[in-house]
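**Q** Got a structure here, written out as structure tokens. Questions coming.
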Amino acid sequence: MSDALFQATLIGFVSSEKHNYAFTSCLTRVYNAHNFIRDICVFKYRLMMALAWLVVPFVCLQRIMTGKDSFATFKARFGFGQGRSANARLIWLHAASLGEFNTLELLLPALSEKFSTYDLLITVSNKLAFERAKNLASGRVHVEIAPLDFSSVINRFLARWQPSCMITIENEVYPNRIFKAAQQALPIIFVNARMSAKSFATWQKNPRLAQQVFSRISYCFAQDQNAFERFSALGVSRERLNMLGNLKQFQEAVPVDHPDLQAVQGVFPYDKTLCVASTHKGEDQIVLDAFARAKKTRPDLKMILVPRHPNRSAEIAALIAAHGFSYATRSRSELPDQADDIYLADTVGDMSLWYSAAATTFVAGSLVSVGGHTPYEPAVFGSAIIHGSQYSNFQAIYERLVENKGSLQADTGEDIAAAWVCLLEPAARSTQIEAAQATLFDSNDKDKMLDEITSKIEALL
């Protein structure tokens, strides 16, 4: 069970209407009489976190057996990491996964320069981001797996590192982490903050808990107007909010030089290949139907299919076989040959290879109620974008892309096939890519934006 799953379970409990009324009333009387519980929702959250300890041994074993954690990383999740800083000045930076870590990398040089007398602690939530982050470790930069949101774990973590402030990149709002940081009077800052409609709706079901959590945020740089309004509605006062814009607009493509990329490009022509990025259950059938339709008129087309969760590989392979397509599977150390139609790229951490290998990308997570995935990464690699209509995680930017003709929206196999065939025309594809990059990327205000962020952090320290 992941840190995020713990939070989802607990917030679900808080929002339930099936609580025993007498139990709640009793606790409320204790609160009124003894000033023991400041807020009943906060107490229930902490109670559920305490109950979650009952499943911890099983979760530990499962994650270690499946390779999602090692013994060392699991120790760190419970606050028993080995890292320490001799510097009394330490800035804690949290980036949940690779997407958030990519944003952090844009901010890190400015932070390092502005706060040259501080050490920097980077925490991440998953193993892949941890492997990337370790490359930044140095005398001043420390890297560790993020602590789970148990009160005792956060206490251990804070006692060991003693940070001067806590900065969260984009998302992951954990109540105990915020409560404990606030108790120590640490500035709590969110940078490039975003919040999906789904997360917002969940927090709205728990207004008292939300108020306790979000009112403790010292400052929030929202990446768009939707995030600004949602953080405000949940308890961040508007004078502590700034709709600064999205740091991802300053991303630059890092040239990819990998033998597997060269091997794929040797048999999958760039302009005839579609990358289907980060599919979720229910989407593979639709994109395979689109592929079958497109191949009726263009039998030379190829597809790189990248599932969001590699453990779905066997299920997807069965769908591919049912359509009669020939394919190779990356997790089996296979590379495609000339006869293959599809490369099932069922590994993690390789998206830059596949964006580089395909002239067009279908950004998945947008055909089902997941909320979509970022359009910045395919665009920065110069891949034209197709997506579905369910993009609430990045609503503002997708709306701008569609309005500026920087992407094509398609929700059915027939429409996806038609969009792809349209983008096979070099002029149409080039025009769309230029529109997407003009919409998404603007380096003119980079220094100004970074200076505004670092200056506010400096003022709060």
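The values are calculated or read from the model by the stated rules, or taken from the named source; none is laboratory data. What you are looking at is a predicted structure, and each value in this text was computed from that prediction instead of being measured. Virtual Cβ from ideal backbone geometry, glycine too; neighbours counted across all protein chains shown.
**Q** If you scan the stretch 86-100, which residues turn out to be touching a residue at least 60 places away in the same chain (Cβ under 8 Å) and either within 9 Å of the chain's Cα centre (by Cα) or within 13 Å of residue 192 (Cα to Cα) (or both)?
**A** Listed by number, the residues that qualify are 93, 94, 95, 96, 98, 99, 100.
**Q** Working only within the stretch 151-175, note down all residues that are more than 23 Å from residue 241 (Cβ to Cβ) and either out of contact with any strand residue (DSSP E or B) (no Cβ under 8 Å at 6 or more places or on another chain) or at pLDDT below 95 (or both).
**A** Matches in the stretch 151-175: 151, 152, 153, 154, 155, 156, 157, 158, 159, 160.
**Q** Hey, could you check the stretch 140-161 for residues that are of a type in the set (Val, Ile, Thr) and out of contact with any Lys or Arg (no Cβ under 7 Å at 6 or more places or on another chain) and say which is farthest from residue 46 (Cα to Cα)?
**A** Filtering the stretch 140-161 for residues that are of a type in the set (Val, Ile, Thr) and out of contact with any Lys or Arg (no Cβ under 7 Å at 6 or more places or on another chain), the one farthest from residue 46 (Cα to Cα) comes out as 141.
**Q** Here is a check on your reading of the model: is residue 454 touching a residue at least 40 places away in the same chain (Cβ under 8 Å), closer than 26 Å to residue 240 by Cα and either over 25 Å from the mean Cα position of the chain (by Cα) or surrounded by 15 or more Cβ atoms within 10 Å (Cβ to Cβ) (or both)? Walk me through how you get there before you give the answer.
**A** Details: touching a residue at least 40 places away in the same chain (Cβ under 8 Å): yes; closer than 26 Å to residue 240 by Cα: yes; either over 25 Å from the mean Cα position of the chain (by Cα) or surrounded by 15 or more Cβ atoms within 10 Å (Cβ to Cβ) (or both): yes.
The answer is yes for residue 454.
**Q** Give the residues of the stretch 282-303 that are part of a helix (DSSP H, G or I) and over 17 Å from residue 422 (Cβ atoms), sorted by residue number.
**A** 284, 285, 286, 288, 289, 292
**Q** Could you go through the stretch 224-235 and let me know if any residue there is outside the structural domain of residue 331 (by TED's automatic domain parsing), touching a Ser or Thr at 6+ places or on another chain (Cβ under 9 Å) and not in a helix (DSSP H, G or I).
**A** Scanning the stretch 224-235 turns up at least one residue that is outside the structural domain of residue 331 (by TED's automatic domain parsing), touching a Ser or Thr at 6+ places or on another chain (Cβ under 9 Å) and not in a helix (DSSP H, G or I).
**Q** Here's another thing I want to ask about it. Which of the residues that make up the stretch 81-111 are over 13 Å from residue 169 (Cβ atoms) and touching a Phe, Trp or Tyr at 6+ places or on another chain (Cβ under 9 Å)?
**A** 81, 83, 84, 85, 87, 89, 90
**Q** Kindly provide the set of residues from the stretch 275-295 that are closer than 18 Å to residue 324 by Cα and not charged (D, E, K, R), ordered by number.
**A** 285, 286, 287, 288, 290, 291, 292, 294
**Q** Going residue by residue through the stretch 194-208, is there one that turns out to be surrounded by 20 or more Cβ atoms within 10 Å (Cβ to Cβ), in the same structural domain as residue 456 (by TED's automatic domain parsing), assigned to a strand (DSSP E or B) and among the aromatic types (Phe, Trp, Tyr)?
**A** No; the residues of the stretch 194-208 include none that is surrounded by 20 or more Cβ atoms within 10 Å (Cβ to Cβ), in the same structural domain as residue 456 (by TED's automatic domain parsing), assigned to a strand (DSSP E or B) and among the aromatic types (Phe, Trp, Tyr).
**Q** So, of the residues in the stretch 103-125 that are part of a strand (DSSP E or B) and in contact with a Leu (Cβ under 8 Å, 6 or more places away or on another chain), which turns out to be surrounded by the fewest Cβ atoms within 10 Å (Cβ to Cβ)?
**A** 119
**Q** With the condition kept exactly as written, say whether any residue in the stretch 441-459 is modelled with pLDDT of 95 or more and more than 26 Å from residue 230 (Cα to Cα).
**A** no
**Q** What about residue 306, is it surrounded by 22 or more Cβ atoms within 10 Å (Cβ to Cβ), in the same structural domain as residue 388 (by TED's automatic domain parsing) and either part of a helix (DSSP H, G or I) or of a type in the set (Asp, Glu) (or both)?
**A** no
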